[in-house]
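This report refers to the structure that appears directly beneath it.
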Amino acid sequence: MIQVEEQLDAVLARYQAVIGLEVHAQLLTRSKMFCACSAGYHDAPPNSHTCPVCLALPGVLPVINRQAVEYTILTALALDCEIPEFSKFDRKNYFYPDLPKGYQISQFDLPLSLNGHLDVLVGDEVVRAGITRVHLEEDTGTMHHAGDVLQSATSSVVNLNRCGVPLMEIVGEPDLHTPEQAREYLQRLRQVLVYIGVNDGNLERGSFRCDANVSLQQPGALGFGTKVEVKNMNSFRAVQKALESEILRQADMLDRGERIVQETRGWVEAHGTTISQRSKEGASDYKYFPEPDLPPMHITRDMVERIRAELPELPEAKRRRFETQYGLSAYEASVVTQTQDDAGTFETLASGVDAKIAVNWFMGDVARLANITGVKLQDSGLGVKGLVALLKLVAAGTINGSIAKGLLDELYATGGDAVQLVQERGLGQVSDAGELGTILDEVIASNPNAVNDFRGGKEAALQSLMGQVMKATRGRADAKLVNTLLRERLG
């Protein structure tokens, strides 16, 4: 790992990497793009979610899915894109077994949006990545090869369930220059799409996927180097590793005086390298022409503003508000706004208890339990309201943090009423100085060595004495008060 990083740093000191990402995101519509077939194909038997339209049988006609168009415009607005007044669909012609028509209905010269951007934070640097366009098309079917890659497969089968699912393509400008920037861009873009509810963000199932174009150029050189397209990356880590591998490969070729070939290469995770798949096509190879079976679309300003009004608060705006409104650090705000659910959970907690208490528990013990159990707080036995009730007991001094953590583990799994359990089990915090004083005197008398160690300057000895007090009170003592009283007695 360290060796790859060192090699990459050495290469990027001599060459500038130019990276542009093309993201394909399936839209969360009920039906497919041009027919009434269900778009929920993932768990269905092969070729069961098909009809004459998505199978391209003779004589059938497509019908535009209005919801898919609106979701694409919603995404474009979230990315600060311009929405032209007119748009149309085109035929992208190529032949592959998972494309029954022999062409894909897509968009070419009049897409639904243009000229947007997404700002991403990489280290301490804000990188503005341009968005060339966000357009709409239909997905293809899938092919399953008997073997890791097509070149060595002994057989292949075609499943057309995915064929015709609404697919949004987000074409990025070549504004990224490191694999780390590319990874951060994808993570932020995925977050935006999930926030606005148009995509589920699942890379493993292919509903959010990415192709990367990468080239190298000498610093200060005019124009870009020959670009290579990299496919078959199904995780953020895979994207970063594939780009690292491809940058090192191209640099090695250039160092040896070899020419980079414009081609499409596939990432092979098992081998940690890219392999050549085919020569790279250009727009002219696809022979685009307007789709004759679909009318042009007129996007009115009223329609755009209606869709704009549906935009929720976006992640970056929510992070900034949380820092200002709740006094969170940049890191804390970033963690609790990862998803809409997380942000909503935190705001519910912060409406009941101090925001710092809320964020510490949410990022600490609650996150620990969610990771262990695989169950989010809102789906647990405790629930968000239950955690608010528990934290109110802590804030009021009714119970201490130690007791609360024990109850949290129990209630997260089984549910129940925290207030009732505290009363029934006598778990209320002991914070009476007189009652605690008697216990402290007994602990001090029973632990002369620890007392002498503390008086001799060993601060850790105080923790030992406090542990004895907590044990005697079954964890119910007010820890701050115990600390103060012990110091007074031993000082």
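Dividing the convex hull volume of the Cα atoms of the range 315-425 by its residue count, what figure in Å³ per residue is obtained? Please report the intermediate quantities before stating the final value.
On the way: hull volume 9.9 nm³, N = 111.
Residue-normalised Cα hull volume stands at 89 Å³.
Rank these for me by crowding, Thr438, Thr154, going from fewest to most other beta carbons within 10 Å. Walk me through the intermediate numbers first.
On the way: Thr438 11, Thr154 7.
Ascending Cβ contact count within 10 Å gives the list Thr154, Thr438.
Neighbour counts of other C-beta atoms within 10 Å: give me Glu291, Glu82 arranged from fewest to most.
Details: Glu291 20, Glu82 11.
If I rank by nearby Cβ atoms, fewest first, I get Glu82, Glu291.
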Please give the helix 460-472 orientation as an angle from the longest Cα principal axis of the chain, in degrees from 0 to 90, rounded to the nearest 10. 80
Mean projected area in nm² (Cα convex hull; one quarter of hull surface) for the range 18-66: 5.4
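How would you rank 3-9, 95-101, highest first, on the average number of other Cβ atoms within 10 Å across their residues? Can you show the working numbers first?
Values: 3-9: 12.1, 95-101: 14.6.
My ranking of the peptides, most packed first, is 95-101, 3-9.
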Whole-Hz Karplus ³J(HN,Hα) for the range 133-142, in order, using 6.51 cos²θ - 1.76 cosθ + 1.60 and θ = phi - 60°, x for Gly and Pro? 6, 10, 10, 10, 8, 9, 6, 8, x, 10
log10 I(q)/I(0), Debye, Cα-only the range 333-491, no solvent, q = 0.18 Å⁻¹? -1.00
Which angle from 0 to 90°, rounded to the nearest 10, does the C-alpha axis of helix 401-414 make with the longest principal axis of the chain? 50
Residues Met33, Met466, sorted so that the one with the fewest Cβ neighbours within 10 Å comes first: Met466, Met33
For the range 199-210, Karplus-derived ³J(HN,Hα) couplings (6.51, -1.76, 1.60; θ = phi - 60°; whole Hz; x for glycine and proline) come out as 8, 8, x, 8, 6, 5, 8, x, 7, 10, 9, 9
Diffusion constant of the range 3-108 at 37 °C, which comes from Stokes-Einstein with the Kirkwood Cα-pair radius and 0.692 mPa s, µm²/s: 188
For Gln277, distant residues with modelled amide H under 5 Å away: Thr264, Arg265, Gly266
Treating only the Cα positions of the chain as identical point scatterers, give the base-10 log of I(q)/I(0) from the Debye formula at each q in 0.11, 0.12, 0.13 Å⁻¹. -1.01, -1.12, -1.24
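Beyond a 20 Å Cα-Cα separation, which of these cross-linked pairs lie in this structure: Lys356/Lys392; Lys376/Lys405; Lys405/Lys471; Lys385/Lys471? Could you put the intermediate results ahead of the total?
Values: Lys356/Lys392 13 Å; Lys376/Lys405 17 Å; Lys405/Lys471 16 Å; Lys385/Lys471 31 Å.
Flagged as over cut-off: Lys385/Lys471.
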Under a straight-distance cross-link criterion of Cα-Cα below 24 Å, which lysines are reachable from Lys231, leaving out those fewer than 8 residues away in the same chain? Lys92, Lys101, Lys241, Lys280, Lys287
Counting each DSSP H run of 4 or more residues in the chain as -39500 (n - 2.57), what helix-only mean residue ellipticity at 222 nm follows after dividing by all residues, to the nearest 500 deg cm²/dmol? -12500 deg cm²/dmol
Report the normalised scattering of the range 36-194 as log10 I(q)/I(0) at q = 0.10, 0.13, 0.16 Å⁻¹, calculated by the Debye formula with identical scatterers on the alpha carbons. -0.47, -0.77, -1.04
To the nearest 10 degrees, the tilt of helix 340-350 (Cα long axis) against the first principal axis of the alpha carbons of the chain is 20
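No value in this document is a laboratory result; all are computed from the given coordinates. Just so you know, these numbers come straight off a predicted model, no measurement behind them. Here the Cβ is made from the backbone with ideal geometry for all residues, glycine too, and neighbour counts use every protein chain on show.
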